[in-house]
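The values are calculated or read from the model by the stated rules, or taken from the named source; none is laboratory data. Computed from a predicted model, the values in this text were never measured in an experiment. A quick note on method: Cβ atoms are made from the backbone with ideal geometry, for glycine too, and the neighbour counts reach across all protein chains shown. The area values use the complete protein model at the heavy-atom level, side chains included, leaving out ligands, DNA and RNA. Shrake-Rupley method; radii C 1.70, N 1.55, O 1.52, S 1.80 Å.
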Amino acid sequence: MLPGSARQRTLNKPKDKADKSSTDDNTATSKTAVFFTLFFTSWIFVIVEKCITGNWSILTVPRFPNYINRYIDIKTFVILTGWFGLQCILYMLPVGGESVDGLQIKDSRKRLKYRLNAFFVLTVNIIGFFIALLSGIRVTSVSDKLLQLTTSGVLLIFLFSIVLNLRAGKSGKTGNSFNNWFNGVELNPRWGLFDLKYVCFRSGIIGWILMNFINISKAFDNGDRPSVTLLIVAGFQLLYVADYFWFEDGILVSRDIVHEHLGYNLLVQFLMIPFCFAVQTRYLMMTKYELPWYCLLAVSILNLIGYWIYRGSNSEKNNFRKNPDDPQFANYEVIPTSTGKNLLVSGWWGLCRHPNYLGDLIISMTYALPNGFSCFLPYLNPLFLFVMLVGRERTDGDECRKRYGEAWETYCHRVKYRIIPYVY
Ligand code: NDP
């Protein structure tokens with residue numbers, strides 16, 4: 001049913017009925033917001049409990065300590081807040097990358113400025129980590145305080161969500177406050193040059209890499225050496241993030257930055273990155289699992305293939321969008337659209353409608369395969385990514401259909417497969 005017709009019927013109802021229906025709608029939205037707030041928050045704690053206890057089965061009920069001081073530690077909160085403050089300062093410093101215009105903001109003629117220095121900030125964090133390590137600071141104590149660190153992270157994003165809600169209230173954009181809390185009101189909340197969404201996103205990814213370094217150091221702490229498998233998985237993930245930040249201008253046009261409002265939903269997804277994405281290196285560190293060398297070689301080749309598809313397709317589209325007249329595209333076949341933009345039908349984008357998602361999924365599988373098959377937990381990330389990208393592909397397809405009409409239908413007719421050629 002069209003949303004418009006539902007709205008029309010509501011408008012035609014007697015006032016008391018319309019009021020009741022609108023209250024019911026709001027209650028449903030509030031319940032969903034409360035449910036997902038609790039679900040995502042608990043989910044992080046469940047994953048962290050598995051990482052602490054080494055009780056890896058997803059079927060066993062987690063056992064949480066019942067002392068409050070096992071969750072809350074002022075020192076950990078101060079360290080986390082200090083580290084996040086440093087990420088904010090590094091983002092705003094006029095060093096490490098140029099300042100560029102983002103996409104035009106919806107309902108406004110403004111283009112926001114972004115400083116593209118994520119690669120520089122990642123490097124500073126890694127150097128800082130090694131300086132701390134060489135100075136004798138016990139960086140692995142983070143590993144021992146994982147539960148307190150999680151609580152601190154959750155408290156911080158609750159705080160940000162409250163501030164965002166208060167800010168929305170001030171600007172008069174309220175409505176259903178649970179919905180505002182969860183889905184957010186503003187697309188890109190800013191205080192001067194400071195962009196909360198962008199810095200939280202980057203910090204989540206940097207936190208993931210630091211967590212991997214901590215897991216490697218922890219292997220040394222235990223009197224062992226990290227396994228080759230652990231080093232290789234951490235290497236894959238570092239390569240992925242370094243690439244992501246090296247081509248940072250691609251992030252500015254991603255759905256999260258352009259279309260998603262900043263509320264608890266997005267903030268908790270950013271917070272999940274260091275805790276949930278570092279599960280594989282944590283698992284390898286704790287179980288000391290070692291994959292035979294020939295399997296590692298096969299997984300490394302698969303990773304390179306995934307990377308080749310991912311990088312090749314993303315760069316091809318980004319370059320084409322930036323400069324369609326580049327001689328590189330002279331022999332490419334394209335479909336013209338009424339907006340003036342063309343759609344690529346040759347190269348990667350003629351293979352399937354989202355070759356970049358295919359590359360991403362292959363890469364993600366290569367993080368999980370080295371963990372063997374005795375535990376499902378390391379496979380949760382590729383599974384979530386698959387579900388997320390399938391949903392994203394559908395949404396993006398619907399938006400492209402609205403934007404390009406007939407031209408998009410022709411493209412879908414020419415390029416039949418969505419993500420996996422000859423399969424899906
Ligand atoms: P995409 O980079 O795939 O962009 C989709 C857009 O590309 C469309 O809206 C359309 O925009 C354009 N497009 C589609 N088909 C064509 C074509 N044939 N020719 C030219 N342009 C076309 O979307 P995302 O922002 O979702 O993904 C960006 C990257 O981020 C991907 O590599 C993805 O895998 C990755 N990612 C990773 C995640 C993770 O957790 N690891 C999570 C989410 C994303 P227009 O025409 O307006 O240019």
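Screening D221 on (1) within 16 Å of the ligand (Cβ to nearest atom); (2) open to solvent by 40 Å² or more (accessible area, probe 1.4 Å) shows it passes everything except condition (1).
There is no residue in the range 98-107 that is exposed (fewer than 11 other Cβ atoms within 10 Å of the Cβ) and closer than 16 Å to I206 by Cβ. When the range 378-390 is filtered for residues that are in contact with a helix residue (DSSP H, G or I) (Cβ under 8 Å, 6 or more places away or on another chain), within 12 Å of the ligand (Cβ to nearest atom) and open to solvent by less than 40 Å² (accessible area, probe 1.4 Å), the ones remaining, listed by number, are N381, P382, L385, L389. Pairing residues of the range 211-239 that are polar (S, T, N, Q) with residues that are open to solvent by 60 Å² or more (accessible area, probe 1.4 Å), at Cβ distances under 8 Å and at least 6 apart in sequence or on separate chains, gives S217/L133; S227/K288; S227/Y289; S227/E290; T229/Y289; T229/E290; Q237/F277.
Looking at T339, T410, just one residue is exposed (fewer than 13 other Cβ atoms within 10 Å of the Cβ), in contact (Cβ under 8 Å) with a residue 24 or more places away in the chain, β-branched (V, I, T) and not assigned by the TED database to the domain that holds Q237, and that residue is T339. Within the range 44-86, the set of residues being in a loop (DSSP other than H, G, I, E, B) and without any contact (Cβ under 8 Å) to a residue 40 or more places away in the chain comprises N55, L59, T60, V61, P62, R63, F64, N66, Y67.
In the set I131, I137, only one residue is surrounded by fewer than 14 Cβ atoms within 10 Å (Cβ to Cβ), in a helix (DSSP H, G or I) and over 23 Å from the mean Cα position of the chain (by Cα); that residue is I131. Can you find a residue that is free of Cβ contacts under 8 Å to residues at least 40 places away in the same chain, outside any loop (DSSP other than H, G, I, E, B) and closer than 25 Å to R282 by Cβ anywhere in the range 104-117? So far as the range 104-117 goes, no, none of its residues is free of Cβ contacts under 8 Å to residues at least 40 places away in the same chain, outside any loop (DSSP other than H, G, I, E, B) and closer than 25 Å to R282 by Cβ. Listed by first and then second residue, the pairs with beta-carbon distance under 6 Å, at least 6 apart or on different chains, first residue in the range 372-394 and not assigned by the TED database to the domain that holds F275, second open to solvent by 30 Å² or more (accessible area, probe 1.4 Å), are G372/Y289; F376/I58; L377/I58; P382/M365; E393/R418.
Scanning the range 143-150 for residues that are surrounded by fewer than 17 Cβ atoms within 10 Å (Cβ to Cβ) and part of a helix (DSSP H, G or I) turns up at least one hit. One residue stands out among those in the range 203-218 that are closer than 19 Å to G54 by Cα and of a type in the set (S, T, N, Q): the one that is nearest to the chain's Cα centre (by Cα), which is N212. For the range 342-365, a residue qualifies if it is among the hydrophobic types (A, V, I, L, M, F, W, C), within 23 Å of S300 (Cα to Cα) and either in contact (Cβ under 8 Å) with a residue 60 or more places away in the chain or in the same structural domain as L238 (by the TED database) (or both), and the qualifying residues are L358, I362, I363, M365.
One residue stands out among those in the range 393-407 that are surrounded by 13 or more Cβ atoms within 10 Å (Cβ to Cβ) and more than 25 Å from the chain's Cα centre (by Cα): the one that is farthest from the ligand (Cβ to nearest atom), which is G405.
Of F64, F35, F39, all but one fail to be over 30 Å from D144 (Cβ atoms), open to solvent by 70 Å² or more (accessible area, probe 1.4 Å) and modelled with pLDDT of 60 or more; the exception is F35.
Residues are listed down the side, and each one gets a yes or a no for (1) touching a Gly at 6+ places or on another chain (Cβ under 9 Å); (2) among the small types (G, A, S):
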| position | (1), (2) |
| --- | --- |
| I72 | no, no |
| T76 | no, no |
| G82 | no, yes |
| C88 | no, no |
| L93 | no, no |
| V100 | no, no |
| R111 | yes, no |
| V124 | yes, no |
| L134 | no, no |
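Scanning the range 363-377 for residues that are under 17 Å from the mean Cα position of the chain (by Cα) and either more than 12 Å from the ligand (Cβ to nearest atom) or hydrophobic (A, V, I, L, M, F, W, C) (or both), we see that the one that is surrounded by the fewest Cβ atoms within 10 Å (Cβ to Cβ) is M365.
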